[in-house]
Amino acid sequence: MSSMRSCSVRLLGLSIGALSDGIRACIRLTILVMLLLESELLRIIKENGVVLSFNTQEIVETVACFVSGAAFFAAGVHLSYVNIAPQQARTKARNDFAKERLRKKYRK
């Protein structure tokens, strides 16, 4: 599974090490769900001998749903990156304040 996960992440053009923990978890969960759905679909096809046939309208609807989902995912990633700088600045300011306060308190 890990090779499949890393392969899928590489296909997306992402370096999983550079992402935040929340995004990493979201990617892992998405890949896991995709793998589970794929295995369940294959099981159903093997048991029932179902041959799936799609007409043009169904293919267009499927592609539209996929593209809109990818757009929502991309928007979430963008907002995550946009909002991380202010959060890091607040954390750094809080840490600096705590360090300075401890220095003043214990240097006496």
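Could you go through the stretch 31-44 in sequence order and give the Karplus-derived ³J(HN,Hα) for each residue, using 6.51 cos²θ - 1.76 cosθ + 1.60 with θ = phi - 60°, rounded to whole Hz, and x for Gly and Pro?
5, 4, 5, 4, 5, 5, 5, 5, 5, 5, 5, 5, 5, 5
Work out the length of the dipole vector of the stretch 53-108 about its Cα centre, built from +1 on the beta-carbon of each Lys and Arg and -1 on the beta-carbon of each Asp and Glu, and round it to the nearest 20 debye.
Dipole magnitude for the stretch 53-108 comes out near 1440 debye.
Could I have the simple spin-label model distance between Arg43 and Leu79, label points 7 Å from Cα toward Cβ, reported in nm to one decimal?
Simple spin-label model gives 3.5 nm for this pair.
What does the C-alpha gyration tensor say about the overall shape of the stretch 53-108? Classify as rounded when a/c is under 1.5, otherwise prolate if a/b is larger than b/c, or oblate.
Judged from the Cα gyration tensor, the stretch 53-108 comes out prolate (a/c at least 1.5, a/b above b/c).
What distance in nm separates the simple spin-label points at Ala98 and Gln57, each placed 7 Å from Cα in the Cβ direction?
Computed distance between label sites Ala98 and Gln57 equals 6.0 nm.
All of the numbers you see were taken from the coordinates with simple rules; none came from a lab. These figures come from a predicted structure and were not determined experimentally. Here the Cβ is made from the backbone with ideal geometry for all residues, glycine too, and neighbour counts use every protein chain on show.
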